[in-house]
Each structure stands twice: as C-alpha cells, then as structure tokens.
Amino acid sequence: MTLTAIFLIAWSFNALVMLLLWMMQYKTENAGIVDVAWSFLTPLVGAWLIVMDNVDNGNRQWLIIGLALFWGFRLGAFLYNRVMNEVEDGRYRYMREYCGKYAQVVMLVFFQVQATWTILFALPFWAAARNSNPEIGLLGMLGILVWIIAIAGEIISDQQLHRFRMNPDNKGIVCDIGLWRYSRHPNYFFEWLQWWTFVLIGYGSDYWWLTWVGLIIIYIFITRITGVPYTEQQSIRSRGDAYREYQKSTNMFFPMPPKRSI
C-alpha cells in the first residue's frame, strides 16, 4: 500500500467518526465530544501510519506507539469523564450563540477540520519512528524522561483544576492553586512539553524536521488559535475582573513565579 493510500484511509476514517460525533452533538448539544475524539484518534492515526508504513527499527516504533497511545488515551478518558458529567464547555456554548441559526453548519465544518488536524498532529509520531537507528541512545532516554515529566504535569494540573471546580464554594472563583499558581494554563504547557519527546527520540530520522514542525505548530495552535485564546475569553466572560487580575499576576503559558503573592 502506498503512503498516500495510508494517509487517505486514515483521513476517511477520521472524517466518518467526526461526522457521526457531529450527529451525536446535534442531539445532545454537547460539542465537547470533539475534544475526546481528537485525543483518541491522534495517537491511533500515528500508530496506523507507523504500522502500515512497515517501519522496522527494533523496538523504537513500539516505544513511540506506546508513549503516544498512553498520552492520548489518558487525556481522552479524562475529557470523556468531564464531558459526560458536566454541562457543555462554555467555549462551545458561546460558539452556538454567536453563530445563531448557522451554528450546526459551523459545528459540522469544525468537526471535519478536527478530522484533518488529527492527521497533522500524528505526523511527529510517524516521523520519529522513521529513525533507522535501533538504539534508543542518550537523546532517546532524555525524551522518555521529558515524557514522564509532561504526563505527570498534565495529570496533576488536570486533577487540581477538577477538584477545584467540583467544590461548590469555588463557583466563580479563579483557580490559582498548585501548578495554576505558576501558569494560567499548566495543562496546555505540559501538553506541549510532551511533544518534545518525539523531537528527541526522532533525532536521526530522515523526517526529523517534521517533529520540529509539529512542535511549532502545536505551540501556535495552543497559544494562539484553539487553546489559550478561547479559554481565556471564556474565563473573562465567566469570572470578569477576578480573571483579569489573575492575568496580571500569573504567566500565561510557561510556569514562572507569580508577579505578586496570590
């Protein structure tokens, strides 16, 4: 099977899944399921590309598949639990209100764009696996260490925010505890940090440049397009001046000491 055919099959499958999930959100009015699907599909597509491209370099490809699947399924399970037990994310509610009668058309396009993004974000997994050196090496071990730190940071920040939000006394209050004291979006920071793993493990691949492109694109998406901007806008709408004060005292992305005691 040609590489083009492998990519087309992956995209077709993603497009079908996203179409079915769009129909689901049409009934449930909860578009958060798209985030769950993205989390599961991205590593699955990465694994599909690696296996179907017959990448064979010892245990490296299986290590990459394992790391990618653990990351995606952990994140997907966490998001699924949130989507199933909470009202629709405020970002998507605002999107519905803003788009009015065209909301479902916009949602359909949005879901299908996500189907394409899963391919884009799976490329670093495939590119890293194309490293022909069967030895993991020092950089590979460093990549695994970065992955452990990143996953731990994601889990801790997600759990801290979840516990904070589940406390009814914190309704309308900004979460500034734990890791959230040092970054307004520690979950997104550690999400991005995780992609450094594949830059390090993939060193020596003919497609190593793709791991860097993926890292840069993911940073831009998180900080400029889909992640931070919409989350910040929703936080200002829901928490107003309290969140504006939080913005003044706490770094947006990279964890740093707060500018003043909170």
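The values are calculated or read from the model by the stated rules, or taken from the named source; none is laboratory data. Just so it is clear, the structure is predicted and the values come from calculations on it, not from any experiment. Backbone-built Cβ (ideal geometry, glycine too); neighbour counts: all protein chains shown.
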query: Looking at region 25-65, which of the residues that are of a type in the set (S, T, N, Q) and either within 11 Å of ALA122 (Cα to Cα) or not in a helix (DSSP H, G or I) (or both) is nearest to the chain's Cα centre (by Cα)?
result: SER39
- request: Out of TRP212, TRP180, report the one residue that is over 13 Å from the mean Cα position of the chain (by Cα), under 30 Å from ALA242 (Cα atoms) and of a type in the set (Phe, Trp, Tyr).
  value: TRP180
message: Whether any residue in region 132-151 is closer than 30 Å to LEU16 by Cα, surrounded by 16 or more Cβ atoms within 10 Å (Cβ to Cβ), modelled with pLDDT of 95 or more and in contact with a helix residue (DSSP H, G or I) (Cβ under 7 Å, 6 or more places away or on another chain) is what I want to check.
response: yes
task: For region 165-195, enumerate the residues that are surrounded by fewer than 16 Cβ atoms within 10 Å (Cβ to Cβ) and under 27 Å from LEU142 (Cβ atoms).
output: GLY178
Matching entry among THR197, THR211 (being in a helix (DSSP H, G or I), among the polar types (S, T, N, Q) and over 21 Å from GLY76 (Cα atoms)): THR211
statement: The residue from LEU75, LEU67 that alone is in contact with a helix residue (DSSP H, G or I) (Cβ under 9 Å, 6 or more places away or on another chain), in contact (Cβ under 8 Å) with a residue 12 or more places away in the chain, farther than 30 Å from MET107 by Cα and not charged (D, E, K, R) is LEU67
Unmet requirement for HIS162, which otherwise passes all of (1) over 21 Å from MET252 (Cα atoms); (2) assigned to a helix (DSSP H, G or I): (1)
query: How about region 193-213: which of its residues are farther than 15 Å from LEU120 by Cβ and not hydroxyl-bearing (Ser, Thr, Tyr)?
result: LEU193, GLN194, TRP196, VAL199, LEU200, ILE201, GLY202, GLY204, ASP206, TRP208
- prompt: Has region 144-154 got at least one residue that is out of contact with any strand residue (DSSP E or B) (no Cβ under 8 Å at 6 or more places or on another chain), more than 20 Å from TRP192 (Cβ to Cβ) and not basic (Lys, Arg)?
  reply: no
